[in-house]
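Take a look at the structure set out below.
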Amino acid sequence: MQADYDVIIVGAGIAGLSAALYAARQRLKTLVISKDLGGQLNMTTLIENYPAIPKISGPELAKRVEQQARAFGAEIIFDEVKTIEKEGDVFVVKTEGGDEYRSLAVILAFGKTPKELNVPGEAKFKNKGVSYCTICDAPFFKGQDVALVSWGDLAREPVTILSSVANKFYWIFPSDKPIHDEEFIEQAKRLGKAVFMPNSEVVEIKGDTKVKAVVVRNKKTGEVQELPVAAVFIEVGYVTKSDFVRHLAELNERGEIIADWEGKTKTPGVFAAGDIVAYPYKQAVIAAAMGVASALSATAYVMKMKGKPVASLVDWKASK
Ligand SMILES: Cc1cc2nc3c(=O)[nH]c(=O)nc-3n(C[C@H](O)[C@H](O)[C@H](O)COP(=O)(O)OP(=O)(O)OC[C@H]3O[C@@H](n4cnc5c(N)ncnc54)[C@H](O)[C@@H]3O)c2cc1C
């Protein structure tokens with residue numbers, strides 16, 4: 001079976017676009033198939049921590065990398081990948097739109113989506129005080145009163161960050177205790193910024209042009225309180241839809257793909273990059289770098305498949 005492309009990249013978030021830029025520049029015939037352009041970058045209006053770019057909106061960052069990738073010849077089509085099967089040395093990629101594409105390698109960069117609370121006001125105030133990424137957005141609310149909806153191990157990072165950044169934060173969680181780890185609870189109490197709101201749920205997020213208050217109901221007593229806050233951080237997990245690659249890559253219990261630093265998965269020719277990879281730090285620059293590593297690994301793989309010389313990996317220490 002003949003391949004139409006050297007590499008097909010699933011997802012046009014920052015990981016997939018960065019992979020496309022590198023793969024195309026390495027002269028691989030490159031196709032990106034994605035449901036949208038930018039992925040999670042579309043959920044943020046201001047990024048201040050992408051190296052060399054002091055301030056940029058998420059969509060603008062995606063657009064710039066898209067243009068860079070296209071300039072090197074990468075093709076991008078908008079569709080959803082439904083299945084990927086390996087037939088001999090070729091991967092057959094089928095989409096929701098009914099199209100079929102063949103490639104020698106694939107890069108899985110289809111990311112994840114934060115879970116939402118689905119309460120009134122949440123959608124309206126996204127990027128206007130409602131955030132699904134505390135590490136990304138907490139610095140915008142330095143010294144202010146905010147709310148955090150999170151529990152279990154997921155709460156460790158946002159609680160630690162808000163304990164240093166916020167004036168105080170209402171920690172809203174649905175049971176008696178926010179996390180099993182008593183030591184962590186004591187530490188949060190000692191830091192003195194968390195106002196514990198046990199057995200509670202958010203019923204509404206209010207504001208005008210931005211968030212002004214969160215309405216919280218105590219599930220045991222029925223009491224409803226309106227708390228003045230500048231932001232509501234929602235960290236209740238992510239949705240990963242990776243079942244369709246389970247036969248190609250090992251997944252962890254959260255549906256994240258197990259890949260090494262070169263982006264390699266258990267199947268030769270299948271690489272993974274970005275937030276879909278089981279790696280703890282979910283940030284744009286890291287996703288971009290993973291995309292680059294995967295593209296370089298895919299290049300070496302494709303060259304080998306074509307019987308062409310493969311540029312060896314340079315060991316910088318050894319060259320001293
Ligand atoms: C609110 C918020 C604010 C953030 N702020 C920052 C910040 O300030 N700085 C920072 O560094 N990071 C920030 N992040 C994190 C950063 O956005 C992510 O780490 C990064 O965008 C992940 O990129 P990705 O390409 O791995 O995945 P994603 O962005 O999730 O992209 C995945 C792409 O794959 C597509 N896709 C999914 N399934 C399929 C399929 N089956 N077929 C085809 N396409 C598919 C999606 O449509 C999407 O285009 C923020 C995240 C959020 C949610």
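For the range 40-115, no strands (runs of 3 or more DSSP E) sit wholly inside it while including 2 or more residues that are more than 9 Å from the ligand (Cβ to nearest atom), on the phi > 0 side of the Ramachandran plot and outside the structural domain of residue 29 (by TED's automatic domain parsing). Among the residues here, residue 215 does not qualify as over 21 Å from residue 120 (Cα atoms), in contact with a strand residue (DSSP E or B) (Cβ under 6 Å, 6 or more places away or on another chain) and without any contact (Cβ under 8 Å) to a residue 24 or more places away in the chain.
Looking at the range 67-77, is at least one residue closer than 30 Å to residue 235 by Cβ and not hydrophobic (A, V, I, L, M, F, W, C)? No, every residue in the range 67-77 fails to be closer than 30 Å to residue 235 by Cβ and not hydrophobic (A, V, I, L, M, F, W, C). Of the helices (runs of 4 or more DSSP H) that lie entirely inside the range 123-226, those containing 2 or more residues that are over 24 Å from the mean Cα position of the chain (by Cα) and surrounded by 14 or more Cβ atoms within 10 Å (Cβ to Cβ) span 182-191.
Listed by first and then second residue, the pairs with beta-carbon distance under 6 Å, at least 6 apart or on different chains, first residue in the range 234-261 and of a type in the set (D, E, K, R), second assigned to a loop (DSSP other than H, G, I, E, B), are 235/150; 250/258; 250/266; 256/278. The combined condition, being of a type in the set (Lys, Arg), over 22 Å from the mean Cα position of the chain (by Cα) and over 16 Å from residue 274 (Cα atoms), is fulfilled by residue 29. For the range 266-283, residues that are crowded, with 24+ Cβ neighbours inside 10 Å and either part of a loop (DSSP other than H, G, I, E, B) or out of contact with any Gly (no Cβ under 7 Å at 6 or more places or on another chain) (or both) total 3.
The values are calculated or read from the model by the stated rules, or taken from the named source; none is laboratory data. Please read these numbers as outputs of a predicted model, since none were measured by experiment. In this analysis, Cβ positions are derived from the backbone assuming ideal geometry, glycine residues included, and neighbour counts consider all displayed protein chains.
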